[in-house]
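Data first, discussion second: the structure below is written as structure tokens.
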Amino acid sequence: HFYQAAKFIDVGNPQAKEIVQRIKDAPSPEEAARIGRRAEMLHPELVVPGWDNLKLEVMHRAVKAKFSSHQNIRELLLGTSGEIVEASPHDFFWGCGYDKSGSNHLGKVLQNVRQELLEEREHGWQSNESQEVGNN
């Protein structure tokens, strides 16, 4: 939900605010993604300017917040090692695509977050993002 909504946050348009609310109210991540992708395709003028340059950082923040605030999935992530591959056959940006030629950016984000969480555990402190999430 966070990632999809971030595409339309602070655009200053009532229609963009409506899209954010629909994403927020979506009953599942799949539905939130469907709403966000469709709105991005139908109304590119409502997307945050420079989104393509921002989306990796937004995804990193979302993933870091999620894994920082949920111990069960944090432990699952920390129990992995090596390369993480987002095996989506249809997504060549976030995943590896059907032919494994995709960029696998989500896998790389997960690997980076895993490394950050391991370092935080080793040093016994939380990042600002995990503290912010915990205080909300």
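Write down the radius of gyration of the chain and its Dmax, each obtained from C-alpha positions, in Å.
16.1, 46
Tilt of helix 29-42 relative to the longest C-alpha principal axis of the chain, in degrees (0 to 90, nearest 10)?
40
Across all directions of projection, what mean area in square nanometres is found for the Cα convex hull of the stretch 78-119?
Mean projected area for the stretch 78-119: 2.7 nm², to one decimal.
Using a Cα distance threshold of under 15 Å, what count of lysine pairs results for the chain when pairs must be 8 or more residues apart or interchain?
For the chain, the number of qualifying lysine pairs is 7.
Taking 0.36 nm per residue of sequence separation and subtracting the Cα-Cα distance, how much length would be gained by fully extending the chain between SER81 and ASP99, in nm to one decimal?
4.2 nm is the gain from fully extending SER81 to ASP99.
Considering the zone a paramagnetic label at ARG121 would reach in this model (a point 7 Å from Cα along the Cα-to-Cβ line), which residues of the stretch 54-73 have amide N under 14 Å from it?
67-73
log10 I(q)/I(0), Debye, Cα-only the stretch 18-90, no solvent, q = 0.15, 0.19, 0.21 Å⁻¹?
Once normalised to I(0) and log-transformed, intensities are -0.72, -1.06, -1.18.
May I ask you to rank LYS108, LYS24 by accessible area, largest first, using a 1.4 Å probe over the protein chains only?
So the residues, ranked largest to smallest area, are LYS24, LYS108.
Which whole-number value in Å³ per residue fits the convex hull of the alpha carbons of the stretch 45-85?
Convex hull of Cα atoms, per residue: 96 Å³.
Using a simple spin-label model with points 7 Å from Cα along the Cα→Cβ vector, what separation in nm is obtained for LEU56 and ARG34?
About 3.1 nm, to one decimal.
The values are calculated or read from the model by the stated rules, or taken from the named source; none is laboratory data. These numbers come from a predicted model, not from an experiment. Virtual Cβ from ideal backbone geometry, glycine too; neighbours counted across all protein chains shown. All accessible areas refer to the heavy atoms of the entire protein, side chains included, with ligands and DNA or RNA removed. Shrake-Rupley method; radii C 1.70, N 1.55, O 1.52, S 1.80 Å.
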